[in-house]
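K.L.:
Mind having a look at this structure? Questions to follow.
The values are calculated or read from the model by the stated rules, or taken from the named source; none is laboratory data. Being a predicted model, the structure only gives us computed values, none of them experimental. Glycine also receives a Cβ, built like all others from the backbone with ideal geometry; neighbour counts cover every protein chain displayed.
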Amino acid sequence: MPRQHNQQRQQPQREAAAFEVEVIPGLEDIAGQELQRSLGRHMVREPIVREGLLPIRYAGERTALLGLATVLAVYERHHFAIPRPKALLGQSAFDTLLRAIETVRALHPRDAFQTLRISAAGEESSVLVRLREQLANATGLAYVAEEGNLLLRLRRPLDARKEATQGSDPGWEVLIRLSPRPLSARRWRVCNLPGALNASVAHAMALLTQPHADDVVLNLACGSASLLIERLAAASARIAVGCDMDGGALECARANVAASGADGIRLELWDAGALPTPDAWVDAVLADLPFGQLVGSHERNLELYPRILREAARVTVAGGLFAAITQDIRLWERLVADAAADWTLRQLLPIKLPFGGGHLRPRIYVLQRKGLDGHIF
């Protein structure tokens, strides 16, 4: 009788490809933790060369990369051992580039990509104009100067200086975004407000509250509900309430909540500094505080911030967490220091948000409510 073998045949291991994960600078650790949870043994982290960019090698299904919630975008990274971009017009390199593009397009419905954009230094040079014309012709996509669905980035490798010192030409890299829009551009955002929080930042803040399905969650000055929606995307909650004094903002929030499909979110026309609620009933508080630029002003914050901090202390249970983001840093930090009897600062994350041609530099604060006896949890 032939001998039985119980071991299953080993499936051939997919060859690891190079990817670059773009994140909000300052959130690299949180995004890295999500990568590890989501991609596990199929992923290997590589050294970070530039802030906001996490290079990885990944041998799993590319579709798993499209579900990352704390990142801005994911790009597949292709290296071309060529001295100049002009060589991409050669048949071999161009065919390789087209195959890489088709791999990305195959992840989505065929009509997901309508436009093409190439981001590169000197992108109006004759060589890059020819390259985009040939790509547009070969892919059937229309070239646009901004916000293309199929986004390609052309650059020298970030460690090119190291290669040059070793006497070898570093070549060029083409990075192809895996999604027609940034991953942070959520489908639920059907209504946008000036100063609305980036969804990947909102998700990171939700994670910082250590979400649990039994939580009572309160979003103060909720605006368009980014924080609440991302909190429920991270984990369910027993109760989830958002409040705002602006009726128009609440209408916007209702539209986004409906589009998200999140169940159980209550939206209330409440003053965040004078809530009609009992003491110590909330496990986690979230707030995107007015920065005093697009929304509010420093003068208004002088009156608003102390009221919010006091009211959050009143309604939060001992040991509960309060995650807040603001750019009015001196004011908030002074108030937190003055409220040391109520709160302990558990975590502080400076981040950089794209704004216009530069950046805003807000900070995320995670406070923990002390007990009545000042006990720190």
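K.L.:
Before we move on, is THR344 over 17 Å from the mean Cα position of the chain (by Cα), among the hydroxyl-bearing types (Ser, Thr, Tyr) and farther than 23 Å from GLU303 by Cβ? Reasoning before the result, please.
P.N.:
On the way: over 17 Å from the mean Cα position of the chain (by Cα): yes; among the hydroxyl-bearing types (Ser, Thr, Tyr): yes; farther than 23 Å from GLU303 by Cβ: yes.
Considered against the rule, which asks whether it is over 17 Å from the mean Cα position of the chain (by Cα), among the hydroxyl-bearing types (Ser, Thr, Tyr) and farther than 23 Å from GLU303 by Cβ, THR344 comes out as yes.
K.L.:
May I ask you to verify whether PRO157 is closer than 30 Å to PRO83 by Cβ, out of contact with any strand residue (DSSP E or B) (no Cβ under 8 Å at 6 or more places or on another chain) and not small (Gly, Ala, Ser)?
P.N.:
On the way: closer than 30 Å to PRO83 by Cβ: yes; out of contact with any strand residue (DSSP E or B) (no Cβ under 8 Å at 6 or more places or on another chain): no; not small (Gly, Ala, Ser): yes.
For PRO157, the condition - closer than 30 Å to PRO83 by Cβ, out of contact with any strand residue (DSSP E or B) (no Cβ under 8 Å at 6 or more places or on another chain) and not small (Gly, Ala, Ser) - is not met.
K.L.:
Tell me which residues, restricted to segment 182-201, are over 13 Å from VAL71 (Cβ atoms) and touching a helix residue (DSSP H, G or I) at 6+ places or on another chain (Cβ under 9 Å).
P.N.:
Correct list: ARG187, TRP188, ARG189, VAL190, CYS191, ASN192, LEU193, ALA196, LEU197.
K.L.:
Report, ordered by the first and then the second residue, all pairs with beta carbons closer than 7 Å, sequence separation of six or more or different chains, a first member in segment 198-218 that is closer than 17 Å to ILE265 by Cβ, and a second member that is buried (at least 23 other Cβ atoms within 10 Å of the Cβ) and among the β-branched types (Val, Ile, Thr).
P.N.:
HIS203/THR70; MET205/ILE325; VAL216/VAL282; LEU218/VAL282; LEU218/VAL285
K.L.:
Can you spot a residue in segment 3-25 that is at pLDDT 95 or above, over 25 Å from ARG156 (Cβ atoms) and either touching a Leu at 6+ places or on another chain (Cβ under 8 Å) or of a type in the set (Phe, Trp, Tyr) (or both)? Show your work before the answer.
P.N.:
Initial filter on segment 3-25 (at pLDDT 95 or above): 17-25.
Subsequent filtering for residues that are over 25 Å from ARG156 (Cβ atoms) retains none.
No, that holds for no residue.
K.L.:
How many residues does segment 50-79 hold that are under 19 Å from LEU353 (Cα atoms) and either of a type outside the set (Gly, Ala, Ser) or not in a strand (DSSP E or B) (or both)?
P.N.:
Number satisfying all stated conditions: 11.
K.L.:
While we're here: Is segment 210-225 home to any residue that is within 22 Å of the chain's Cα centre (by Cα), closer than 25 Å to LEU35 by Cα and hydroxyl-bearing (Ser, Thr, Tyr)?
P.N.:
No, that holds for no residue.
K.L.:
Do we find a residue being closer than 30 Å to ALA272 by Cα, at pLDDT below 95 and surrounded by fewer than 21 Cβ atoms within 10 Å (Cβ to Cβ) anywhere in segment 171-193?
P.N.:
Yes: one or more hits.
K.L.:
From ALA253, ALA249, ALA240, grab the single residue that is outside any loop (DSSP other than H, G, I, E, B), within 21 Å of ARG314 (Cα to Cα) and within 23 Å of the chain's Cα centre (by Cα).
P.N.:
ALA240
K.L.:
Here are LEU128, LEU68, LEU98: which of them is in contact (Cβ under 8 Å) with a residue 24 or more places away in the chain and under 30 Å from ILE30 (Cβ atoms)?
P.N.:
Residue meeting the stated conditions: LEU68.
K.L.:
Continuing with the same structure: Here are some conditions: (1) free of Cβ contacts under 8 Å to residues at least 40 places away in the same chain; (2) not in a loop (DSSP other than H, G, I, E, B). GLN134 meets all but one. Which one does it not meet?
P.N.:
Every listed condition holds for GLN134 apart from (1).
K.L.:
Kindly indicate which of ILE82, ILE118, ILE101 is in a strand (DSSP E or B), surrounded by 11 or more Cβ atoms within 10 Å (Cβ to Cβ) and β-branched (Val, Ile, Thr).
P.N.:
Details: ILE82 fails: in a strand (DSSP E or B); ILE101 fails: in a strand (DSSP E or B).
Criteria check complete, one pass: ILE118.
K.L.:
Something else about it: Which condition does HIS212 not pass, out of (1) exposed (fewer than 15 other Cβ atoms within 10 Å of the Cβ); (2) at positive phi, if it passes all the others?
P.N.:
Of (1) exposed (fewer than 15 other Cβ atoms within 10 Å of the Cβ); (2) at positive phi, only one is false for HIS212: (2).
K.L.:
In addition: Looking for whichever is of a type in the set (Gly, Ala, Ser), touching a His at 6+ places or on another chain (Cβ under 9 Å) and within 17 Å of TYR365 (Cα to Cα) here; the options are ALA284, ALA340, ALA312, ALA318. Which one fits?
P.N.:
None of the others qualify; the one that does is ALA284.
K.L.:
Here is a list of conditions, (1) under 27 Å from the mean Cα position of the chain (by Cα); (2) surrounded by 14 or more Cβ atoms within 10 Å (Cβ to Cβ); (3) at pLDDT 95 or above, and GLN134 meets all of them except one; can you say which number that is?
P.N.:
(1)
K.L.:
Out of all the residues in segment 225-236, is one or more out of contact with any His (no Cβ under 6 Å at 6 or more places or on another chain), among the polar types (S, T, N, Q) and either free of Cβ contacts under 8 Å to residues at least 40 places away in the same chain or part of a helix (DSSP H, G or I) (or both)?
P.N.:
Yes, segment 225-236 contains at least one residue that is out of contact with any His (no Cβ under 6 Å at 6 or more places or on another chain), among the polar types (S, T, N, Q) and either free of Cβ contacts under 8 Å to residues at least 40 places away in the same chain or part of a helix (DSSP H, G or I) (or both).
K.L.:
On the phi > 0 side of the Ramachandran plot and either assigned by TED's automatic domain parsing to the domain that holds VAL285 or touching a helix residue (DSSP H, G or I) at 6+ places or on another chain (Cβ under 9 Å) (or both): does that describe GLY320?
P.N.:
no
K.L.:
Hey, does segment 199-208 have a residue that's assigned by TED's automatic domain parsing to the domain that holds GLY273, at pLDDT 95 or above, surrounded by 20 or more Cβ atoms within 10 Å (Cβ to Cβ) and part of a strand (DSSP E or B)?
P.N.:
no
K.L.:
Which ones in segment 328-348 are closer than 19 Å to GLY26 by Cβ and either out of contact with any helix residue (DSSP H, G or I) (no Cβ under 8 Å at 6 or more places or on another chain) or not assigned by TED's automatic domain parsing to the domain that holds VAL315 (or both)?
P.N.:
Listed by number, the residues that qualify are ILE329, ARG330, GLU333, ARG346, LEU348.
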